[in-house]
Amino acid sequence: DVVESEEHYKSRWRSIWVMYLTMFLGSVGFSIVIMSVWPYLQKIDPTADGSFLGWIIASYSIGQMVSSPLFGLWSNYRPRKEPLVISTAVSVAANCLYAYVHVPHSHNKYYMLTARALVGFGAGNAAVVRSYISGATSLKERTSAMANTSACQAVGFILGPVFQTCFTLIGEEGITWKLIDLQLNMYTAPVLFGALLGVINIILIFAIFREHRVDDMGRQCKSVNSEGEESDAQDTEGDVDHVAVVAINFLFFVILFVFAVFETIATPLTMDMYCWTRKEAVFYNGIILIVVGIESVIVFMVVKVLAKKTGERAMLHGGLLIVLVGFFILLPWGKKLPNIQWQEIKNNSIPRTTYNEMEMPFWSWQLPANHTAEPVGCPITQSWCLNTPIIYLAQYISSDILIGLGYPVCHVMSYTLYSKILGPKPQGTYMGWLTASGSGARILGPVFVSQVYTHLGPRWAFSLICGIVVASLLLLEIVYKRLIAFSVRYGRMQE
């Protein structure tokens, strides 16, 4: 009995696919420079320390947290094409600014901070994307569509560093276009690539995106966002379970928090523990994340099938447990201490041990120190380097694999549950708040880990993360029975 023309159906899904791309590009804009921010910051402004790195990364999320409710409100009353185009244009301009942060003679770190904040401001269109997809899909389609949206966002977060890795082949010096004072190197090429993708996205929004709205049965409705039209009424009787809404917001905050910690800590941790240079840290971590990205794509393919058998709540619970194990593995153990980087010795890393590593089991191997002009090892300014055991490479890689498995499961299930809980209610405002909670997590995560890791070391940092994940698991147990679809809650359909 569902009445929808074939032309409308194709146009509707073409528009949804443009929204998938928009979500993916917003995530790539965040993660494409994650692995290289720290070495680039050290290169352009030696006055910047590890603590400022946290603020650089957090500035993206500050911008997104501010803009998400604004773009969401805008999309409630005007055609969504307007906030989508404006937000993407802001991101393109901000990426171009990032490519020129090396030009000023002073305060370069603040220009980088501004550029990343503006990229984040443009990424506030996530609330617009999700509210559109919610209104443009039937109840039967919505779970899959929201899962695909979350998958695109998560894949963007994971594959951004993969793009960065490809650009390391250009090198730190790269080439310079003197006419416009542009340096094309491993640090600027990724953001210029992101700007190009943004321009393509704007073109697709103008050329393909159309306003569409269907009811829960999939019947075509007029969209309030199309000028001169009024929306048809839907059966929205009943109140949203705000306890469930708040719980999902908190769980989503934790999920984004721990993944932000994971991405932020990768470069400094491996430089400290394995004596990697800046270029090596960016390249090797990118290779590791390529594998994690492939793993996550497989997870996205499997998770929909498993969710039909076990339910979204059980999948969320399992994903959080996997993330907990991943961070628990990162806790330092053993007696071997990291190589120390002495400030007055530029060509050496002083080994703390002298026994033959090849006689040790494979899980305790550590990469050899590099003998380059760049100081490598754990800085003596970090006092914990003198008494905290190293995190072996096998530990680090095992943790990457587990977090790469648990994070996409949690991300997809959170948004799927959230969309179901809200039901036919207008979701623009709610999606704005959920996006803001994720942004808040990405603000606090990098700041938290940069402060705690720098001053207290990995043992404290990862122990606190484990405690946060345990608390989220307890909350999930408490609200487990309330995390059900709106229509199920009011008896309109069976779970």
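Of the listed residues Phe157, Phe167, Phe328, the order by accessible area with a 1.4 Å probe, largest first, is Phe328, Phe167, Phe157. Full extension of the segment from Phe206 to Ala471, taken as 0.36 nm per residue of separation minus the current Cα-Cα distance, would add 90.9 nm. The count of lysine pairs in the stretch 1-222 that are at least 8 places apart or cross chains, and whose C-alpha atoms lie under 24 Å apart, stands at 8. Three principal axis extents of the stretch 1-145 based on alpha-carbon atoms, in descending order, are 67, 27, 22 Å.
Let's test the formula: R0 of 30 Å, r as the Cβ-Cβ distance of Ala314 and His242. What FRET efficiency results, to the nearest 0.05?
Calculated transfer efficiency: 0.80.
Computed from Cα atoms alone, the Kirkwood hydrodynamic radius reported for the chain is 23.5 Å. Dividing the helix sum by the residues of the chain, where each DSSP H run of 4 or more adds -39500 (n - 2.57), gives a mean residue ellipticity at 222 nm of -23000 deg cm²/dmol. Per-atom-type breakdown for the chain gives carbon and sulfur 66% of the accessible area (1.4 Å probe, protein chains only).
I'd like the antiparallel share, as a percent to the nearest 5, of DSSP beta bridges with both residues in the chain. DSSP beta bridges in the chain are roughly 75 percent antiparallel. Per-residue extension of 0.36 nm, minus the Cα-Cα distance of Ile478 and Ile287, leaves a gain of 64.8 nm for this segment. Spin-label point model (7 Å from Cα, Cβ direction): what's the Lys81 to Ile397 distance in nm? Going from the Lys81 label point to the Ile397 one covers 5.1 nm.
Inter-label distance, Phe328 to Val297: 3.2 nm, where each label sits 7 Å from its Cα along the C-beta direction. Computed from the C-beta positions of Ile380 and Glu173, the FRET efficiency with R₀ = 30 Å rounds to 0.55.
Take Trp55: with every protein chain present and a 1.4 Å probe, its accessible area is about 120 Å². With all protein chains kept in place, the per residue accessible area of the chain amounts to 42 square angstrom at a probe of 1.4 angstrom. Take Glu263: with every protein chain present and a 1.4 Å probe, its accessible area is about 10 Å².
Remark: the chain carries a charge dipole of roughly 280 debye about the Cα centre, counting +1 on each Lys and Arg Cβ and -1 on each Asp and Glu Cβ. For Val291, the accessible surface of its heavy atoms amounts to roughly 90 Å² (probe 1.4 Å, protein chains only, rounded to the nearest 10).
The label-point distance for Lys279 and Arg219, in a model that sets each label 7 Å from Cα toward Cβ, rounds to 6.5 nm.
Relative to 2.2 N^0.38 Å, what does the C-alpha radius of gyration of the stretch 40-108 come to as a ratio? Two decimals please.
1.43
In a simple Cβ point-charge model (Lys, Arg +1; Asp, Glu -1; nothing else charged), the stretch 1-222 has a dipole of about 380 debye relative to its Cα centre. For the set Asp239, Asp272, solvent exposure ranked by accessible area (probe 1.4 Å, protein chains only) runs largest to smallest as Asp239, Asp272.
The values are calculated or read from the model by the stated rules, or taken from the named source; none is laboratory data. Quick caveat, the model's predicted, so the values are computed rather than measured. For neighbour counting, all protein chains shown are included, and Cβ atoms are generated from backbone atoms with ideal geometry for every residue, glycine included. Remember, those area values only see protein heavy atoms, side chains included, never the ligands or the DNA or RNA. Shrake-Rupley method; radii C 1.70, N 1.55, O 1.52, S 1.80 Å.
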